[in-house]
Amino acid sequence: MNVINSEEFAWSDAQVVLLGKVIEGITAFSYKKSQSKELRYGRGNEPIGYKRGNKSYEGSITILKSELEALKNASPDGDILSLKGFDIVFSYVAEDGSLVTDVAKFAEFKESEEALKQGDGNGEYELPFLALRITPA
């Protein structure tokens, strides 16, 4: 966890930019990098190293219905799955004003589901994405 001046980052310190727009109607996000790894064996029965495989980058954003509609309007055919190769910028502002930023590069949404049920105060929509890289800015 990042700690600056004994203060940890909080939700109110976070900002997400998608298609050049700060997403105000975002309620959650997550992203991760992963790489397949296996133990390598030689003589005997103890591992002697690692075999490193492919890396992958994925995450999700959870947004309100108004933001989902804005994304649909920004797509060429009204389908967010048609949005190609965009960056998602995740920023955190520390108390001292310093900025920590990660960028999901060339991201694409991999599914879109719409649902609403009785009692929901507002619709929240989780949009999983894949990216070609996640890097510090």
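Values quoted throughout were computed directly from the atomic coordinates according to the rules given, and no laboratory measurement underlies them. Quick caveat, the model's predicted, so the values are computed rather than measured. All Cβ positions, even for glycine, are placed from backbone atoms using ideal geometry, and neighbour counts span all protein chains on display.
A few comments on the model shown:
- Summing charges over all other residues whose Cβ lies under 9 Å from the Cβ of Tyr125, with Lys and Arg as +1 and Asp and Glu as -1, gives -4.
- Each Cα pair of the chain feeds into the Kirkwood radius, which the Stokes-Einstein equation turns, at 25 °C and 0.890 mPa s, into a diffusion coefficient of 142 µm²/s.
- Calculated [θ] (222 nm, deg cm²/dmol) that DSSP helices of n ≥ 4 give over the chain, each run adding -39,500 (n - 2.57): -2000 deg cm²/dmol
- Angle between the chain longest axis and helix 65-74 axis [Cα atoms, degrees, rounded to 10]: 80
- Segment 81-137 shape via C-alpha gyration tensor axes, a/c threshold 1.5: oblate
- Seen from Phe109, the other residues with C-beta closer than 12 Å to its C-beta sum to a net charge of -3, counting Lys and Arg as +1 and Asp and Glu as -1.
- Net charge of the neighbourhood of Thr62, taken over other residues with C-beta under 11 Å away and scored Lys/Arg +1, Asp/Glu -1, is -3.
- Sorted on the mean count of surrounding Cβ atoms within 10 Å across their residues, most packed first, peptides 25-32, 56-63 read 56-63, 25-32.
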